[in-house]
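K.L.:
The following block contains the structure, expressed as structure tokens.
Coordinate-derived values only; no laboratory data. Note that this is a predicted model, so its numbers are computed, not measured. Virtual Cβ from ideal backbone geometry, glycine too; neighbours counted across all protein chains shown.
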Amino acid sequence: MTNKQAAIRIVRQLRDAGFEAMLAGGCVRDMLLKRKPKDYDVATDAKPNDVAKLFRRTLKVGAKFGVVVVLIDKIQIEVATFRTESGYADGRHPSRVRFTSPREDAARRDFTINAMFFDPIAKKVIDYYKGQADLKKRVIRTVGKPAERFGEDYLRMLRAVRFSTQIGFAIEPKTKAAVCDGAKNITKISGERIAAELEGILVSPNRAEGLELLIETGLAHHIFSGCGCPGAGFAVRMLANLPKRIDFALGLAGLFVGFETDFALGKCELLKLSRNQEKQIEFLLDKRGCLLKELSLAELKLLLSEPYFEDLFALQKAIQKASNQTVGPLIKLRKRIKQLKGVELRPKPLLNGHDLIALGAVPGPSLGQLADEMYIAQLEGKLQSADDAKQWVTKWLQAHKNYDSV
Ligand code: ATP
Ligand code: MG
């Protein structure tokens, strides 16, 4: 069963029990745009308790706000009671939720194209705020007055840019002007919510246009407290030259490629990234330029075995293109990499610490250096067997005879 079939089954079951029920929000927009919806949400006049009673398996996670998750097989569908939200004291969370009509439910939604319902049985679109007209015009427009709607929830400003980026629509001029006016409030929103929308923008193939909008509206300036604007043109070109499909951390590394690693990581603190994402950004920014050098075989093998090597390659390629420099060294490197196919990049060292001591090495700092140098020689292909390694180590010890006593 697909998510869509599961959602329609839920609609039918609610209808059979005498309730109103429809598909709602993003999935209706995407179906009309012939895009694949990410998820299918159901809206109904049944109260959370009614929904919980009607379906065998439910999660009442957001029941207070009128949302119940219905489980069908392994599929989770959000079933939300038609509601209005009011009293956004903090520009984030509505303090009151009231169950109401579909028309009022549509009115609480952010943009006209997100405020439609679809009756999958009569195959009818229910469109109170001219969402279909805006889909035709290809614009993002708030439901109601933009300044008021952004004042209720500042995140909507960033959502406007995210939707514009993802579906390639313009932001309607009055809506856009209100984003520019309100941009300074964006940091009142939690870092996690900002990160989720920013991720949607940066992973989109259309991310360069997204960044231009973030800069134009002032959102970029406020999210990253002023940085990025001098090098903005370069950052936009960087994002345009990254591969179509990338993850959030590579997108951020692209955005900050003109800055020092620590500065970039500092700017990302607000986003509450995971430790792994931070490590990825750190690696990518620290290793800028490495792939252009004449790498030894050992250096290449060590780099290649890094988990984010392909991201580094993509980032360097984008840097070359964005700054009108040759990608020649990268093409050469790719050929070298192809020749390494099937070669073990990080083989076990031919000798371990005990072996080295048995050969006369003295425990201490020089032992570590010896082990490292031997491993490099092994990766360079100079040592094929443990016997080769023993000979090499014996020579090394002779050459470094007085090493530990000085
Ligand atoms: P996506 O395909 O990216 O999930 P979506 O439109 O489904 O896009 P969601 O964030 O999943 O977006 O929200 C579902 C629906 O809930 C939206 O289409 C919109 O109608 C409404 N909505 C979500 N967040 C807000 C908000 N901050 N303010 C007003 N309405 C919102
Ligand atoms: Mg959604």
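K.L.:
Can you give me the Cα centroid spacing of the stretch 338-380 and the stretch 185-261 in angstrom?
P.N.:
Here the answer is 42 Å between Cα centres.
K.L.:
Same structure, new question: Based on a Kirkwood Rh over C-alpha pairs, give the Stokes-Einstein translational diffusion coefficient of the stretch 287-339 at 10 °C and viscosity 1.306 mPa s in µm²/s.
P.N.:
Rounded to a whole number, D works out at 141 µm²/s.
K.L.:
Here is a further query. Which trypsin sites (Lys or Arg not before Pro) in the stretch 185-274 pass both tests, a DSSP loop state and at most 14 other beta-carbon atoms within 10 Å? Could the numbers behind the result be given before it?
P.N.:
Details: sites: Lys188, Arg193, Arg207, Arg237, Lys244, Arg245, Lys267, Lys272; in loops: Lys244, Arg245, Lys272.
Loop-located and lightly packed - Lys244, Arg245, Lys272.
K.L.:
For His400, His354, what ranking results if the residue with the fewest other Cβ atoms within 10 Å of its Cβ goes first?
P.N.:
Fewest-to-most Cβ neighbours within 10 Å comes out as His354, His400.
K.L.:
Under a GNM of the chain (C-alpha, springs under 10 Å), which listed residue has the highest mean-square fluctuation: Leu333, Leu242, Leu255?
P.N.:
Sorting by GNM fluctuation, first place goes to Leu333.
K.L.:
Collect residues whose amide H, placed 1.01 Å from N in the peptide plane, falls under 5 Å from the amide H of Phe111; neighbours closer than 5 in sequence don't count.
P.N.:
The list, which skips near neighbours in sequence, is Val143.
K.L.:
Where does each of Leu33, Leu303 land when they are ranked from fewest to most other beta-carbon atoms within 10 angstrom? Present the calculation step by step, with values, prior to reporting the outcome.
P.N.:
Details: Leu33 15, Leu303 18.
Neighbour counts put them in this order, fewest first: Leu33, Leu303.
K.L.:
For the stretch 307-318, just list the computed ³J(HN,Hα) in residue order, Karplus coefficients 6.51, -1.76 and 1.60, θ = phi - 60°, integers in Hz, with x standing in for Gly and Pro.
P.N.:
x, 9, 4, 5, 5, 5, 4, 5, 5, 5, 4, 5
K.L.:
Show me the trypsin sites (Lys or Arg not before Pro) within the stretch 294-387 that DSSP assigns to loop and that have at most 11 other Cβ atoms within 10 Å of their Cβ.
P.N.:
Qualifying residues, ordered by number: Lys341.
K.L.:
Assuming R0 = 22 Å, can you tell me the calculated FRET efficiency for the pair Phe263 and Thr187, based on Cβ-Cβ distance, to the nearest 0.05?
P.N.:
That gives a FRET efficiency of 0.75.
K.L.:
Nothing charged except the Cβ atoms of Lys and Arg (+1) and of Asp and Glu (-1): what's the magnitude of the dipole of the chain about its Cα centre? Round to the nearest 20 debye.
P.N.:
1580
K.L.:
With the contact rule set at Cα under 8 Å and sequence spacing of 6 or more, what percent relative contact order holds for the chain?
P.N.:
Details: 577 pairs, mean separation 33.3, N = 406.
Relative contact order here is 8 percent.
K.L.:
Projecting each Cα onto the charge dipole of the chain (Lys/Arg +1, Asp/Glu -1 at the beta carbon, about the Cα centre), which of Phe309, Val97, Leu345 comes out farthest on the positive side?
P.N.:
Of the listed residues, the answer is Val97.
K.L.:
What are the ³J(HN,Hα) values, in whole Hz, obtained from phi via the Karplus relation 6.51 cos²θ - 1.76 cosθ + 1.60 with θ = phi - 60°, for each residue of the stretch 124-131 in sequence order, with x given for Gly and Pro?
P.N.:
10, 8, 10, 9, 7, 10, 6, x
K.L.:
How fast does the stretch 131-206 diffuse by Stokes-Einstein, in µm²/s, taking the Kirkwood radius from C-alpha pairs at 37 °C and 0.692 mPa s?
P.N.:
Diffusion coefficient, whole number: 260 µm²/s.
K.L.:
Here is a follow-up. Compare the peptides 65-71, 383-389 by average per-residue count of other Cβ atoms within 10 angstrom and give them in order, highest first.
P.N.:
65-71, 383-389
K.L.:
Hey, what do the phi angles of the stretch 189-204 turn into as Karplus ³J(HN,Hα) couplings, whole Hz, using 6.51/-1.76/1.60 and θ = phi - 60°, x for Gly and Pro?
P.N.:
8, 5, x, 4, 5, 4, 4, 4, 6, 4, 4, x, 6, 6, 7, 5
K.L.:
Additional query: Taking other Cβ within 10 Å of each residue's Cβ, how do Arg35, Arg96 sort, fewest first?
P.N.:
Ordered from fewest to most neighbouring Cβ atoms within 10 Å, Arg35, Arg96 come out as Arg96, Arg35.
K.L.:
What are the residues whose amide H is under 5 Å from the amide H of Asp41, where those residues sit 5 or more places off or on another chain and H is modelled from the backbone?
P.N.:
Those lying under 5 Å, H to H, from Asp41 are Ala24, Cys27.
K.L.:
Which distance in Å, rounded to a whole number, links the C-alpha centroids of the stretch 144-161 and the stretch 72-143?
P.N.:
14
K.L.:
Would you compute, from DSSP H runs of 4+ residues alone, the mean residue ellipticity of the chain at 222 nm, taking -39500 (n - 2.57) per run and dividing by the full residue count, rounded to the nearest 500?
P.N.:
The helix contribution divided over the chain gives -15000 deg cm²/dmol.
K.L.:
What does the extension gain come out to for Val61 and Ser225, with contour length at 0.36 nm per residue minus their alpha carbon separation?
P.N.:
Details: separation 164, 0.36 × 164 = 59.04 nm, distance 3.53 nm.
Between Val61 and Ser225, full extension yields an extra 55.5 nm.
K.L.:
A follow-up question, please. Taking Rh as the Kirkwood radius, which is the inverse of the mean 1/r over Cα pairs, what is the Rg/Rh value for the stretch 110-250? Don't skip to the end; give the middle numbers.
P.N.:
Working: Rg = 15.7 Å, Rh = 15.7 Å.
We get a ratio of 1.00 for the stretch 110-250.
K.L.:
If you average the alpha carbon positions of the stretch 2-53 and of the stretch 268-289, how far apart do those two centres end up, in angstrom?
P.N.:
What the calculation gives is 39 Å, centre to centre.
K.L.:
Which of Lys74/Lys145; Lys38/Lys184; Lys74/Lys317; Lys64/Lys136; Lys267/Lys338 have a Cα-Cα distance over 32 Å?
P.N.:
Long pairs (Cα-Cα over 32 Å): Lys74/Lys145; Lys74/Lys317; Lys64/Lys136; Lys267/Lys338.
K.L.:
From the gyration tensor of the Cα coordinates in the chain, what semi-axes in whole Å does the equivalent ellipsoid have, largest first, with each one equal to sqrt(5λ)?
P.N.:
Numbers: eigenvalues 605, 134, 76 Å².
Ellipsoid semi-axes (Å, largest first): 55, 26, 20.
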